[in-house]
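The values are calculated or read from the model by the stated rules, or taken from the named source; none is laboratory data. Only a predicted model underlies this, so the values are computations on that prediction, with no experimental measurement involved. Note that each Cβ is placed from the backbone with ideal geometry, even for glycine, and that neighbours are counted across all protein chains shown.
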Amino acid sequence: MSKALSTQQTIFWLRLATLFALCVPAANLAWRWYAGDLDPRPVTLATHATGDWAVVLLLVSLALTPARTLFDWSPLIHIRRRIGVAAALYALAHLLIYVLDQKWNLIVVATEIAKRFYLTIGFVALLALVALAVTSTNGWQRRLKRNWKRLHWLVYPAVAVALVHFFIQSKVKIGEAAFAAGLFLWLMLWRVLPAKLRTSFAGLLLLAIAATLGTVAIEATWYGLVNKIDPMRVLTANIDLDLLPRPAHKVLAVSLLVIVLVALRRGIAAANRLWTERYIRRTIPTS
């Protein structure tokens, strides 16, 4: 009973802390806008900031499933819905600030969305995220039954489309978009790995290498196809120490950090089990 109560308390405080953390970026942005810290282009900067946070929160929501498995901490699953809904809300704010920039002229907004490819795909991703947020409740889960899981598979193409929108909007400076794409690649590769490899250090190391090389390939391909830059220049830049850190290096650093944290978590768990066994042997008579 006490263990169940302790778990409930952990989930309560985790949810509360998550709610507070999710509100911080919006509150900070609102305050900076009010204080004039976003001048001389407050609308543009706010549009970019809300879009960036939408992508960040989408990646965090996708990261909770591997995190729960790797760190063996089930309460994490109880904050996934909140983070996903928050990502949809930041994406919606991203659109609304753009509408504000167009002086609330919905005809102009609709025309721009239909005319500009990056706005079209961004709007499609937003519609998918809003649909997922609306149907994320327990009530909708009961109504849709098996179709609920099928519907929520839309999150994967929605994130992919949102990243393409991020790349196009970034123009030449695609470093942040490439880093986000590399993390998304890591999360997707983890999901397709065999179950045993997902939790083994060998699998995580293989994942780190694959995600890093994949990030290099994504960056080189984008520069080659869109900016007409020789992909070899991008490949060379990734081994030039003077140009550190590149997006691939950041993906590698995050991948290795995951391995270190998993090792620490398992080491602490093993030490606790060993201490418990010794304590039991010392305090409980064997005869």
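General observations
- Meets criteria (modelled with pLDDT of 90 or more, touching a Ser or Thr at 6+ places or on another chain (Cβ under 7 Å) and β-branched (Val, Ile, Thr)) for VAL251: yes
- Flag if ALA208 is out of contact with any Cys (no Cβ under 6 Å at 6 or more places or on another chain), in a helix (DSSP H, G or I) and surrounded by 19 or more Cβ atoms within 10 Å (Cβ to Cβ): yes
- Which listed residue is under 25 Å from PHE12 (Cβ atoms), assigned to a helix (DSSP H, G or I) and either outside the structural domain of PHE166 (by TED's automatic domain parsing) or touching a residue at least 60 places away in the same chain (Cβ under 8 Å) (or both), from GLY84, GLY51: GLY84
- LEU163 being part of a helix (DSSP H, G or I), in the same structural domain as VAL60 (by TED's automatic domain parsing), at pLDDT below 95 and not acidic (Asp, Glu): no
- Residue match in the stretch 13-29 (condition: within 15 Å of the chain's Cα centre (by Cα), within 26 Å of ALA158 (Cα to Cα) and of a type in the set (A, V, I, L, M)): yes
- When ARG233, ARG273 are screened for being more than 28 Å from the chain's Cα centre (by Cα), in a helix (DSSP H, G or I) and closer than 30 Å to LYS171 by Cβ, only ARG233 passes.
- Tallying residues that are at pLDDT below 95 and more than 15 Å from the chain's Cα centre (by Cα) within the stretch 71-92 yields 6.
- Complete set of residues in the stretch 23-59 that are crowded, with 19+ Cβ neighbours inside 10 Å and in contact with a Lys or Arg (Cβ under 7 Å, 6 or more places away or on another chain): none
- Positions within the stretch 112-166 being within 17 Å of GLY51 (Cβ to Cβ) and out of contact with any helix residue (DSSP H, G or I) (no Cβ under 8 Å at 6 or more places or on another chain), in sequence order: ARG116, LEU127
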